[in-house]
Amino acid sequence: MTLQNVTDTYQQEVPPAPPKVKPVYPLAPPVDLTDAEVFSRHGGYTHEAFAAMRDKAPVMWHPEHVAAGFWAVTPYELVKQVELDPETYSSQRGGILMTYGLPDQPRHPLLHSSSLNSLINLDRPYHTPLRMEHMHFFRPGFVAGLKLRVDAYVGELLDAMAKQGPVVDMVEMFSAELPLFTLCEILGVPAADRPKLVHWMHFLESSQYQAQQEGLGNVTPEQIMAFMGEIQAMFEFGRHLLEERRREPKEDLLSAIANVKIDGKPLSPEFLDGSWLLIVFAGNDTTRNSLSGTMKLLTEFPDQKAKLQAEPGHFPNFVHEAIRMVTPVTYMRRTVTRDTELGGQKLSEGDKVVMYYPAANRDPAKFADPNRFDITRENAKEHLSFGQGPHVCLGQRVANMQLEAAYRQILTRFPDAKWTGEMTLAPNNFVHAISSLMVDLGK
């Protein structure tokens, strides 16, 4: 069997609406989970809705709206069950995003194809060899060397914040910069080109919202053309770098991606585009939001901040607890490959299942007093923010390292730093997209 364009498989994957089997749990969706603006209006999450779903409809039918109909899964153990059973719940068959599935859904063709043709959307056997080519750049030894460069760059960023302070936008001056630096160090992107990635990240974050507004007729032709042009430029830049690495490989992740072979053949252009999109988005956006969201947490729970400052030995566990609470990725979707049952609900082949990580990470059956930020929580490391099973996040060591490196210096340099209460969230139901967070650095 040969690795094929996943888009070809996806085209046949339009799920039934309504579902083939009757929902066991009668709860109607408390909010429209397909509406990106719902999440920005609720502070980035919908914890009250998730709590109702966990309690009354752990596998809840969400009818077709902006996205195809799906089964929403919220309890910790059920999310974990789906993650650990890729044979029953496929990433490749139908894609991981809920916007896949409506034939008339507006899409940027390059974004659509590239988001499907990437590591995160592949099942076995092709997922494993492609993942292995990335592994060297996320192993403990490599991350330890990377940390030295990250520590130095954190110091530079804090110097710049101190000069501009006392009130600064943490996203603009720190959270957007550090993950970009780290990612580019791993990829091998030249320093002069790195600001381009920050610019393109804003367009990626708004891509779903842009498509929805386009479908509603709320954007002008000029806005559509500008958006399409930026996305095209992002992919052309990635192609240029990958082509360079095929000609002249270096000791970086871009070279590993450019020269990987599956079935003895180099990756096709579709998978090169997909690899570029995935590494830029996954390696940059999620860590940025974790860094910003953690400052908000420390302000809301000053007792935990004081405990961390008094007892720095809590730092490793603090990182796990912060990522549990912030949960940068909101959901992933799977497609059911055979008739099965989940949480008492029968599912049919072809059904879509969406796992909600913020809901799982606040499940009281797993985490006692789940809405409390507790840096000494014994099972904080068991959060599902990085997923589980074969698709567990490759970059989790790098993400943890950045968060700890950042806050060790922030709390030493600016011990009284706190969130001012001003925050802007981009409309996005896939990631917790903090686009601005104002911070008072203190004295």
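For Glu404, the conditions (1) under 20 Å from Glu177 (Cβ atoms); (2) of a type in the set (Asp, Glu); (3) touching a strand residue (DSSP E or B) at 6+ places or on another chain (Cβ under 7 Å) are fulfilled apart from (3).
Condition check ((1) more than 16 Å from Tyr76 (Cα to Cα); (2) assigned to a helix (DSSP H, G or I)) across all residues:
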| position | (1), (2) |
| --- | --- |
| Leu308 | yes, yes |
| Phe315 | yes, yes |
| Val319 | yes, yes |
| Ala322 | yes, yes |
| Met332 | no, no |
| Thr335 | yes, no |
| Arg338 | yes, no |
| Lys346 | yes, no |
| Glu349 | yes, no |
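Is one or more of the residues making up the range 420-432 within 30 Å of Val336 (Cβ to Cβ), surrounded by 16 or more Cβ atoms within 10 Å (Cβ to Cβ) and at pLDDT 90 or above? Looking through the range 420-432, none of the residues is within 30 Å of Val336 (Cβ to Cβ), surrounded by 16 or more Cβ atoms within 10 Å (Cβ to Cβ) and at pLDDT 90 or above. Does Val326 satisfy the criteria of being closer than 24 Å to Ile120 by Cα, in contact (Cβ under 8 Å) with a residue 40 or more places away in the chain, in contact with a Gly (Cβ under 7 Å, 6 or more places away or on another chain) and buried (at least 24 other Cβ atoms within 10 Å of the Cβ)? Taking the combined requirement at face value, the residue satisfies it. Do you know which residues across the range 416-443 are in contact (Cβ under 8 Å) with a residue 40 or more places away in the chain, under 28 Å from Met98 (Cβ atoms), polar (S, T, N, Q) and not in a loop (DSSP other than H, G, I, E, B)? Answer for the range 416-443, where residues must be in contact (Cβ under 8 Å) with a residue 40 or more places away in the chain, under 28 Å from Met98 (Cβ atoms), polar (S, T, N, Q) and not in a loop (DSSP other than H, G, I, E, B): Ser435, Ser436.
Can you work out which of the residues in the range 56-81 that are surrounded by 23 or more Cβ atoms within 10 Å (Cβ to Cβ) and among the β-branched types (Val, Ile, Thr) is farthest from the chain's Cα centre (by Cα)? Out of the qualifying residues, it is Val59. Taking the criterion of being closer than 17 Å to Met135 by Cα and either hydrophobic (A, V, I, L, M, F, W, C) or more than 26 Å from the chain's Cα centre (by Cα) (or both), the residues of the range 252-266 that qualify are Leu253, Leu254, Ala256, Ile257, Ala258, Val260, Lys261, Ile262.
Taking the condition surrounded by 15 or more Cβ atoms within 10 Å (Cβ to Cβ), under 27 Å from Glu83 (Cβ atoms), at pLDDT below 90 and not basic (Lys, Arg), does Asn400 pass? For Asn400, the condition - surrounded by 15 or more Cβ atoms within 10 Å (Cβ to Cβ), under 27 Å from Glu83 (Cβ atoms), at pLDDT below 90 and not basic (Lys, Arg) - is not met. The condition (being surrounded by 21 or more Cβ atoms within 10 Å (Cβ to Cβ), of a type in the set (D, E, K, R) and touching a residue at least 12 places away in the same chain (Cβ under 8 Å)) is satisfied by just one residue among Arg413, Arg408, Arg362, Arg372: Arg362. Looking across the range 389-443 at every residue that is polar (S, T, N, Q) and under 15 Å from the mean Cα position of the chain (by Cα), the one that is nearest to Gln309 (Cα to Cα) is identified as Asn400. The set of residues from the range 375-387 being surrounded by fewer than 20 Cβ atoms within 10 Å (Cβ to Cβ), in a loop (DSSP other than H, G, I, E, B) and in contact with a Lys or Arg (Cβ under 9 Å, 6 or more places away or on another chain) comprises Thr376, Asn379.
Please enumerate the residues belonging to the range 145-158 that are free of Cβ contacts under 8 Å to residues at least 24 places away in the same chain and surrounded by 14 or more Cβ atoms within 10 Å (Cβ to Cβ). Correct list: Leu157 only.
Considering only residues in the range 40-55 that are of a type in the set (D, E, K, R) and within 27 Å of Ile434 (Cα to Cα), the one that is surrounded by the most Cβ atoms within 10 Å (Cβ to Cβ) turns out to be Arg54. Among the residues of the range 280-288, some residue qualifies, meaning at least one is of a type in the set (Ser, Thr, Tyr), over 30 Å from Glu87 (Cβ atoms), buried (at least 22 other Cβ atoms within 10 Å of the Cβ) and in contact (Cβ under 8 Å) with a residue 60 or more places away in the chain. Considering the range 227-236, and only residues there that are modelled with pLDDT of 80 or more and more than 17 Å from Phe271 (Cβ to Cβ), the residue that is surrounded by the most Cβ atoms within 10 Å (Cβ to Cβ) turns out to be Ala233. Residue pairs whose Cβ atoms lie under 6 Å apart, sitting 6 or more positions apart in sequence or on different chains, and linking a residue in the range 33-50 that is closer than 14 Å to Pro328 by Cα and in contact (Cβ under 8 Å) with a residue 60 or more places away in the chain to a partner that is among the polar types (S, T, N, Q) and crowded, with 23+ Cβ neighbours inside 10 Å, are Phe39/Asn429.
Just to be sure before I move on: is Glu37 surrounded by fewer than 23 Cβ atoms within 10 Å (Cβ to Cβ), of a type outside the set (Phe, Trp, Tyr), modelled with pLDDT under 95 and closer than 26 Å to Asn379 by Cβ in the structure I sent? So Glu37 does not fit the description; no.
One residue alone among Met161, Met170, Met201, Met135 is loosely packed, with under 15 Cβ neighbours inside 10 Å, touching a residue at least 40 places away in the same chain (Cβ under 8 Å) and not polar (S, T, N, Q), and that residue is Met135.
The values are calculated or read from the model by the stated rules, or taken from the named source; none is laboratory data. Just so it is clear, the structure is predicted and the values come from calculations on it, not from any experiment. Cβ coordinates were reconstructed from backbone atoms using ideal geometry, including for glycine residues, and neighbour counts include every protein chain displayed.
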